[in-house]
Amino acid sequence: MREISSREQSVGQVVSLLQTTDMATCSSCESNYFKIIATFYGDNSRALDYLISHGVISSGSSRIPCPKCGTFLSFHEQDHLFICRSTFTVPKTKKRKNCGFSASQYKGSFLSNCHFAPWKLVLLVNHYLSRHWDYKKIQDCLGLSPNTVCDWRSFCSEVTEQWFSNQDPIGGVGVEVEVDETLIVRRKYERGRVLKQVWLFGGIERASKRRFVVPLNGEYGVRRDAATLIPIIQKFIRPGSIIYSDSWPAYRQLSELGYGHDTVNHKKHFVKPGQPEVNTQEVERLWRDIKEWVKRPKIRSIYLQQYLARYLFVTAVPEPQQLHRFFIKASKLYPPFLEVVRRQPEPEVFSEDEGAVA
Ligand SMILES: [Zn+2]
Ligand SMILES: [Zn+2]
């Protein structure tokens, strides 16, 4: 029992450290594309320190209790491996036996199955967060194979897509929000497939430019009718907001649902005559920007969601904080081994036949 309580105590301390990492302002890690390259190029220990301080992987110096026997694990820096060195006597045979538990420092984390140097991973993510992702440049400059680059691009995408599917609501009492729909047509480079049309629906706060965008291709429905759009508005725009939209009938009930609402008839005008504040010019600017971003050649519609997610992340998060925010997200999406241990309330009962768990 003593072992369990000391284990819980120590895990509690490490976890509170992890939580501080999330809250920390991290001002020293604010950076830009080129400074990040200058900081991490060829420097594994710096990259590892960065990943540890952002909770992406467990620190080698953390006191992590063995999930099998509760003894604190030792860390092998060269192999990035946590090993249990404890021995015990098997009651039946009275023989000494090693616990034998071991686990990689990368286990469960964003880096699990990362078979290349951590500094390369940091620079790959840095490039992923830049406006123009270039496969060839990453392969050539970091010496990674096409398959590896392809895989890691999609792992990065999982992080930004997770961020995308949890977009924060915008607006609030008296806050002006513009909403609109736009059609994205994708057909080139999809020979033999049905023409794909995807509508996007989004909103933007006029003053702060905070926004949300959702594709109408499944999760929320595909039609631009009230049954689809109203629940999206209620999810992403806080009550009391003043909404400006075009005169599409789907928006008619907004003023009965706790929103201020005014419309401009896009068939006739871009700005309501005599009421210049009634327009949707901010959201139209957003559409132009998104279309420029996602309409580049060779972007297939199945990747539309990925591109939208990356676009919104890169344009919503200020550049100096992008790497920081990305890795904090990655640490939450893929909690490292230490977190998995924390969630196990008690050490597993050791069975004699059980081998090492890697
Ligand atoms: Zn053990
Ligand atoms: Zn940071």
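Just so you know, all these numbers are worked out from the coordinates, no wet-lab data involved. Note that the coordinates shown come from a computational prediction; the quantities given were computed from them, not determined experimentally. Glycine also receives a Cβ, built like all others from the backbone with ideal geometry; neighbour counts cover every protein chain displayed.
Worth pointing out:
- Cα-based shape type of the stretch 65-176, given that a ≥ b ≥ c are square roots of the gyration tensor eigenvalues and the cut on a/c is 1.5: oblate
- Ranking of S102, S130 by count of other Cβ atoms within 10 Å, fewest first: S130, S102
- Loop-located trypsin sites (Lys or Arg not before Pro) in the stretch 237-294 (DSSP state not H, G, I, E or B) with no more than 16 neighbouring Cβ atoms inside 10 Å: K267, K268.
- FRET efficiency estimate (nearest 0.05) - Cβ-Cβ, H132 to D49, R0 25 angstrom: 0.30
- Under 23 Å, Cα to Cα: Lys pairs in the stretch 176-321, sequence gap 8 or more or different chains: 12
- Efficiency of FRET between H266 and V90 - r from beta-carbon atoms, R0 51 angstrom, step 0.05: 0.05
- The listed peptides 277-283, 156-162, ordered by packing as a protection proxy, come out as 156-162, 277-283 (highest mean of other Cβ atoms within 10 Å first).
- Among beta bridges that DSSP assigns inside the stretch 176-321, antiparallel share in %, nearest 5: 70
- A Förster distance of 25 Å, applied to the separation of the beta-carbon atoms of E30 and D225, puts the FRET efficiency at 0.05.
- Stretching L257 away from R285 to a fully extended chain increases their span by 7.4 nm, per 0.36 nm per residue minus the current alpha-carbon distance.
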